[in-house]
Amino acid sequence: MTTAKESSAAKGGLRDVVAAQSSIGDVNGEKGILIYQGYDIHDLAENSTFEETVFLLWNGHLPKKDELEDLKKQFQANYKVPTEVSEMLKTFPKDANPMDVLRTTVSALGFYDKEGHSTGREAAVKTAIKLTAQLPTLVAAWERIRSGKDLIAPDASLGIAENFLYMLRGEKAEADEARMFDIALILHADHELNASTFTTRVIAGTLADIYGAVTGGIAALAGPLHGGANTNVMKMLKEIGSEDQIDSWLDKALEEKRKIMGIGHAVYKTEDPRATWLRKFSKQLGEKKGDSSWFNMSQKIEKAMLDRKGMYPNVDFYSASAYYLMDIPLDQFTPIFAVSRISGWTAHILEQYGNNKLIRPRAEYIGERDVKYTPIEQR
Ligand code: COA
């Protein structure tokens, strides 16, 4: 093994290892810049919609009017999940974790997609459309089922963000809230080779099917060091309870070497550009709903972590209070991440299929060698 390999392996976590060439997105961690297919995330958040951003991620260019209309129609025609899958949801234990439910049902969706095992671009795009259209339906359906409410059929006249909030709550969202949610979906859509996207590429690289790759992506996203952090941020805010408890709570947590959820990032060493938008939404929603306590607490924690550790909030920090103020249950924050990230996962799967090579790195062996077998009686 080369010295370079040894040093990067010893660092752990494949940090700074370039594992693929991709034109989908790029993260500049020093400058806090995120781009999708060359477009700055701020430009997209300001001007685009989730549907348009998905087109961009999959195709490498912004759609013309008819291309966008066509994609929207295809999403809307696919909002409904197969009845077998919605019936299956009803059989799950009501205390099942929503990410576990999503992982299992996405895997099951594959049974009902005849072309779901094809790795050709045309069929794979069709499957990507189905998954992007149906993840929101699965997440909303599980929320309704576990809380004993009737399922709300998707409204094919609505876009993905608005339709999701409608299916979840049973009433249409106000326009400003629907737009905030739409932007939140844009912000979470892709993030280069994060843990879940890398997982999907590794699975797709074996030429396994998209459902398998996305199921693996969901499993990776669920972890508290990845997408699971947003739920834990809200739990932390509730545990702290009020602004005046923050300093003593942080003293203790940092002394115990606990990781403060929603703070720090493997790549960003400055402000995560997605946090800029979510901070604004947390503030606006707090003002609108007459409860700015979560935003105020978050801001104080942000400042304290910057002063004490020089660390910045990541995407999960302010999305927590923003989603909470949208009446979204805590353990649904991570499934919502998946509702957006499905676009990035599928973009990477399409890219992987398009120029595939099995992903098979090496390990730096640090175990013993030349050990002789000892019969069991002699050990
Ligand atoms: N709170 C307190 N300390 C933190 C921290 C946090 N959120 N994140 C990192 N640190 C500290 C570590 O304890 C470590 O300190 P040490 O050198 O004294 O041991 C140092 O910073 C480096 O941490 P490390 O975990 O090696 O950095 P990383 O680049 O691998 O971590 C994360 C990236 C995201 C995994 C990490 O910041 C984290 O766990 N954050 C909280 C979870 C989270 O919000 N995840 C969502 C990511 S979008």
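The values are calculated or read from the model by the stated rules, or taken from the named source; none is laboratory data. Note that this is a predicted model, so its numbers are computed, not measured. Positions of Cβ are generated from backbone atoms using ideal geometry, with glycine treated the same way; all protein chains shown enter the neighbour counts. Just the protein is used for accessible areas: all its heavy atoms, side chains included, with ligands, DNA and RNA removed. Shrake-Rupley method; radii C 1.70, N 1.55, O 1.52, S 1.80 Å.
Which one of these does LEU330 not meet: (1) surrounded by fewer than 21 Cβ atoms within 10 Å (Cβ to Cβ); (2) hydrophobic (A, V, I, L, M, F, W, C); (3) within 13 Å of the ligand (Cβ to nearest atom)?
(3)
Can you report the number of residues in region 194-213 which are within 13 Å of the ligand (Cβ to nearest atom) and either basic (Lys, Arg) or out of contact with any Phe, Trp or Tyr (no Cβ under 9 Å at 6 or more places or on another chain) (or both)? Spell out the reasoning first.
First pass over region 194-213, keeping only residues within 13 Å of the ligand (Cβ to nearest atom): 194-197.
Remaining after also requiring either basic (Lys, Arg) or out of contact with any Phe, Trp or Tyr (no Cβ under 9 Å at 6 or more places or on another chain) (or both): 194-195.
Residues meeting the conditions: 2.
Filter region 253-272 down to the residues that are in contact with a His (Cβ under 9 Å, 6 or more places away or on another chain) and among the charged types (D, E, K, R) and list them by number.
Here is the first cut: in region 253-272, the ones in contact with a His (Cβ under 9 Å, 6 or more places away or on another chain) are 267, 272.
Answer for region 253-272, where residues must be in contact with a His (Cβ under 9 Å, 6 or more places away or on another chain) and among the charged types (D, E, K, R): just ASP272.
Checking ASP70 against (1) part of a helix (DSSP H, G or I); (2) of a type outside the set (Ser, Thr, Tyr); (3) within 25 Å of GLU192 (Cβ to Cβ); (4) open to solvent by 30 Å² or more (accessible area, probe 1.4 Å), which test does it fail?
Unmet condition: (3).
Under 9 Å by Cβ, and 6 or more places apart or on different chains, what pairs join a residue from region 296-312 that is over 17 Å from LYS238 (Cβ atoms) and open to solvent by 10 Å² or more (accessible area, probe 1.4 Å) with one that is more than 13 Å from the ligand (Cβ to nearest atom) and β-branched (Val, Ile, Thr)?
These pairs meet every condition: ALA304/ILE246; TYR312/THR270.
So GLU84 ticks every box in (1) part of a loop (DSSP other than H, G, I, E, B); (2) over 30 Å from TYR318 (Cα atoms) but one. Which box is left unticked?
GLU84 satisfies every listed condition except (1).
Examine region 365-372 for a residue that is open to solvent by less than 70 Å² (accessible area, probe 1.4 Å) and closer than 22 Å to ARG103 by Cα, and state whether such a residue exists. Full working, then the answer.
Taking region 365-372 first, the residues open to solvent by less than 70 Å² (accessible area, probe 1.4 Å) are 367.
Next cut, closer than 22 Å to ARG103 by Cα only: none.
Taking every residue of region 365-372 in turn, none turns out to be open to solvent by less than 70 Å² (accessible area, probe 1.4 Å) and closer than 22 Å to ARG103 by Cα.
Need pairs with beta-carbon distance below 7 Å; first residue part of a loop (DSSP other than H, G, I, E, B) and within region 23-46, second open to solvent by 50 Å² or more (accessible area, probe 1.4 Å); sequence gap 6+ or separate chains.
Sorted first by the residue in region 23-46, then by its partner, the pairs are GLY29/VAL267; GLY29/LYS269; GLU30/LYS269; GLN37/SER23.
Taking region 258-275 as the region of interest, how many residues are farther than 13 Å from ARG308 by Cα and either more than 6 Å from the ligand (Cβ to nearest atom) or aliphatic (A, V, I, L, M) (or both)?
12
Give me the pairs: first residue in region 267-280 and among the polar types (S, T, N, Q), second residue open to solvent by less than 40 Å² (accessible area, probe 1.4 Å), beta-carbon distance under 8 Å, and six or more apart or on different chains, which are they?
Filtered contacts from region 267-280: THR270/GLY29; THR270/GLY32.
If you scan region 214-248, which residues turn out to be closer than 30 Å to GLY110 by Cα, open to solvent by less than 10 Å² (accessible area, probe 1.4 Å) and away from the ligand (no atom under 12 Å from the Cβ)?
Result: VAL214, GLY217, ILE218.
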